[in-house]
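Asker: Pasting in a structure now, in structure tokens, and then I'll have a few things to ask.
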Amino acid sequence: MYSNKVNRLMLGLNNLKATSVSSVVRRAAAPRGLSWTTVCRERTQRLRRSAGLGMSGAHSASQSTLDSSEVRRFQPLASKWWDEEGEFAALHAMNDLRVPFVRDNLLSVHRARHPGKPLAGLRVLDVGCGGGLLSEPLGRLGANVLGIDPVEESISVAQLHSSHDPDLRDRVSYRACTLEELSEGEQGAAQFDAVVASEVVEHLADLETFAFCCSHVLKPGGSLFITTINKTNLSYALAIVVAEQLLRIVPTGTHNWEKFISPEELERLLESNGFTVQSVQGMMYSPLSGAWSWADSTAINYALHAVKEGHGAEDSSSHPEEHTETTHS
């Protein structure tokens, strides 16, 4: 099982700039009447051919972020998003790490101007938001959050839950769509100060399209935050055998080891789409305590922060990040 390694994406393309590439493909698409989704797919195919990569492999099946089998898997779970003791208990607990990770790294670039609402004035896109478990706390920190998810049932749950909190009604909104649908055309360009994709990339059909569209919707200097699972023997043993089959921490079949991605591969993919990776930090979940903690090793779970190349509102060089050491182990 472990001998089948994912083909290395984007070898030799690290010098491509996503901003220039996206402007070129938008101009090329206009006279041909192509949709933005089609542009993303065609660019993905061209880049893979240039890199000598075929259309085989875990991340190259469809040139779309949407995996219909993942949608079908999450549809019957939609009503359980806000059960803190249920199937998504580990995601609820992960907020203790991922919310400060997003907040602190954003504040290293954007100074807080509103006491009690440090992210006020920032637009954040939560990709694969599910029931809004991460969208809501980011909204309470003052950010204007748009959560997107292809599972309409999950979006309905998210909308209903947030409607009960007056503090969120004008800050958090949701839309049932894919990332490429949101990024369609010029109107989707450079909308957000940050994109968050937490426990999402391991469920996507095509990561090149994901990275390209993230770059498209982000403002220059904007931040991309990802939490996901490394592709190692240990991650298979713990994330699938133990977590799914033995302890039933998450539903059986939630993860596919072939779709896991290492920090090194993810970093190369992001750099080829105009990002600079700022930090990678290992994460560890304890089934006994039900709590997450930061770890030196990235062998199982990890969090990544990358910045889109370009000049943002403030120079981040004068505000060192809390998590600056990159560890791949």
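The values are calculated or read from the model by the stated rules, or taken from the named source; none is laboratory data. Note that this is a predicted model, so its numbers are computed, not measured. All Cβ positions, glycine included, derive from the backbone under ideal geometry; neighbour counts span all protein chains shown. Side chains included, ligands, DNA and RNA excluded: accessible areas come from the protein's heavy atoms. Shrake-Rupley method; radii C 1.70, N 1.55, O 1.52, S 1.80 Å.
Asker: If you scan region 263-308, which residues turn out to be open to solvent by 10 Å² or more (accessible area, probe 1.4 Å), more than 23 Å from residue 246 (Cα to Cα) and either hydroxyl-bearing (Ser, Thr, Tyr) or in contact with a Cys (Cβ under 6 Å, 6 or more places away or on another chain) (or both)?
Answerer: Within region 263-308, 276, 297 qualify.
Asker: For the condition among the small types (Gly, Ala, Ser), modelled with pLDDT of 95 or more and on the phi > 0 side of the Ramachandran plot, what is the one hit in 142, 147?
Answerer: That would be 142, the only listed residue that is among the small types (Gly, Ala, Ser), modelled with pLDDT of 95 or more and on the phi > 0 side of the Ramachandran plot.
Asker: Name the pairs whose Cβ atoms lie under 7 Å apart, with the first residue in region 242-255 and open to solvent by 40 Å² or more (accessible area, probe 1.4 Å), the second among the hydroxyl-bearing types (Ser, Thr, Tyr) and in a loop (DSSP other than H, G, I, E, B), and 6 or more positions between them or separate chains?
Answerer: 245/252
Asker: Of all residues in region 90-139, how many are more than 25 Å from residue 75 (Cα to Cα), open to solvent by 10 Å² or more (accessible area, probe 1.4 Å), outside any loop (DSSP other than H, G, I, E, B) and touching a strand residue (DSSP E or B) at 6+ places or on another chain (Cβ under 9 Å)?
Answerer: Total meeting the criteria: 3.
Asker: So residue 73 clears everything in (1) in contact with a helix residue (DSSP H, G or I) (Cβ under 8 Å, 6 or more places away or on another chain); (2) assigned to a helix (DSSP H, G or I); (3) at pLDDT below 95 except one condition, right? Which one?
Answerer: (1)
Asker: Can you report the number of residues in region 268-305 which are outside any strand (DSSP E or B) and without any contact (Cβ under 8 Å) to a residue 60 or more places away in the chain?
Answerer: Within region 268-305, residues that are outside any strand (DSSP E or B) and without any contact (Cβ under 8 Å) to a residue 60 or more places away in the chain number 6.
Asker: Restricting to region 182-201, count the residues that are at pLDDT 95 or above and either open to solvent by 50 Å² or more (accessible area, probe 1.4 Å) or in contact with a Leu (Cβ under 7 Å, 6 or more places away or on another chain) (or both).
Answerer: 8
Asker: Another question, then. Can you go through 158, 78 and tell me which one is in contact with a strand residue (DSSP E or B) (Cβ under 8 Å, 6 or more places away or on another chain), outside any loop (DSSP other than H, G, I, E, B), open to solvent by less than 20 Å² (accessible area, probe 1.4 Å) and modelled with pLDDT of 95 or more?
Answerer: 158
Asker: Within region 161-198, which residues are closer than 23 Å to residue 304 by Cα and assigned to a loop (DSSP other than H, G, I, E, B)?
Answerer: Once the filter is applied, which keeps residues that are closer than 23 Å to residue 304 by Cα and assigned to a loop (DSSP other than H, G, I, E, B), region 161-198 yields 178, 183, 189, 190, 191.
Asker: Here is a list of conditions, (1) open to solvent by 20 Å² or more (accessible area, probe 1.4 Å); (2) closer than 30 Å to residue 86 by Cβ; (3) charged (D, E, K, R), and residue 219 meets all of them except one; can you say which number that is?
Answerer: It is condition (2) that residue 219 fails.
Asker: Now for a separate question. Show the residue pairs meeting these rules: Cβ distance below 9 Å; 6+ apart or different chains; first residue within region 83-97 and polar (S, T, N, Q); second residue open to solvent by less than 30 Å² (accessible area, probe 1.4 Å) and part of a loop (DSSP other than H, G, I, E, B).
Answerer: Pairs that qualify, where the first residue is polar (S, T, N, Q) and the partner is open to solvent by less than 30 Å² (accessible area, probe 1.4 Å) and part of a loop (DSSP other than H, G, I, E, B), are 95/133; 95/134.
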